[in-house]
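Only the coordinates and a few stated rules stand behind these numbers; no lab work does. None of the values given here were measured: they were computed from a predicted structure. Please note: Cβ atoms are built from the backbone with ideal geometry, for glycine as well, and neighbour counts cover all protein chains shown.
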Amino acid sequence: TKEYFDQVEARKYMVEPHIPGFSEFERWKGKKVLEIGCGLGTAAVSFARAGADYTAVELSEESLKLARQRFEVFGLQGRFYSGNAEELSSVVPVERYDLVYSFGVIHHAPHPEKIVAEVKKYLGPDSEFRLMLYAK
């Protein structure tokens, strides 16, 4: 329900209030955004609401199902792909994006360097790759 997803969003940004500033959702209006690891779609909804042309890849089928459902509930448009970001170009058609975004995902992969190499295929000279990794 909208109420459930609103609660998820409120909790996420309460626990991690730095995300909106890092992401600059409004900056990507009318721009192409590719998210690596969309989870339940909290950032996804924020990008789409701000007017981004949104695409995501997600490894977890359950998370992907919820992200798609979330977009349906809010009447938003986006493209969602199921797959391993280490093999991104075999999952998501290769095209240029203005932003490739990944928050707290890539460091969980067995080979994060493969994901970074794949991401480069989606970047143009004016593209940005915004990446957040956890550290000890």
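Data table
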read-out: Spin-label pair E113/V91, simplified geometry with 7 Å Cα→Cβ offset, distance in nm; value: 2.1 nm
read-out: Net dipole in debye of segment 31-110 [+1 Lys, Arg Cβ; -1 Asp, Glu Cβ; about Cα centre; nearest 20]; value: 300 debye
read-out: Net charge of Cβ neighbours under 10 Å - reference A43; Lys, Arg +1; Asp, Glu -1; value: -1
read-out: Given charges at beta-carbon only (K, R positive; D, E negative), |dipole| of the chain in Debye; value: 140 debye
read-out: Proximal charge balance of M132 [Cβ under 14 Å; K/R count +1, D/E count -1]; value: -2
read-out: Whole-Å distance, taken between Cα centres, linking segment 86-136 and segment 1-55; value: 17 Å
read-out: Positive minus negative residues near A85 (Lys, Arg vs Asp, Glu; Cβ under 11 Å); value: -4
read-out: Three-way shape call for segment 3-81 based on the alpha-carbon gyration tensor, with the a/c threshold at 1.5; value: rounded
read-out: Cα-based shape type of the chain, given that a ≥ b ≥ c are square roots of the gyration tensor eigenvalues and the cut on a/c is 1.5; value: rounded
read-out: Computed [θ] at 222 nm, deg cm²/dmol, the chain (DSSP H ≥ 4; -39,500 (n - 2.57); rounded to nearest 500); value: -10500 deg cm²/dmol
read-out: Where Rh is the Kirkwood radius over Cα pairs, Rg/Rh for segment 69-136; value: 1.00
read-out: H18-L76 pseudo-label distance in nm [points 7 Å out on the Cα-to-Cβ vector]; value: 2.3 nm
read-out: Within a Gaussian network of the chain (alpha carbon springs, distance under 10 Å), most fluctuating of V119, V45, V94; value: V94
read-out: Sorted peptide list for 71-77, 86-92, 60-66, criterion being average Cβ within 10 angstrom, highest first; value: 86-92, 60-66, 71-77
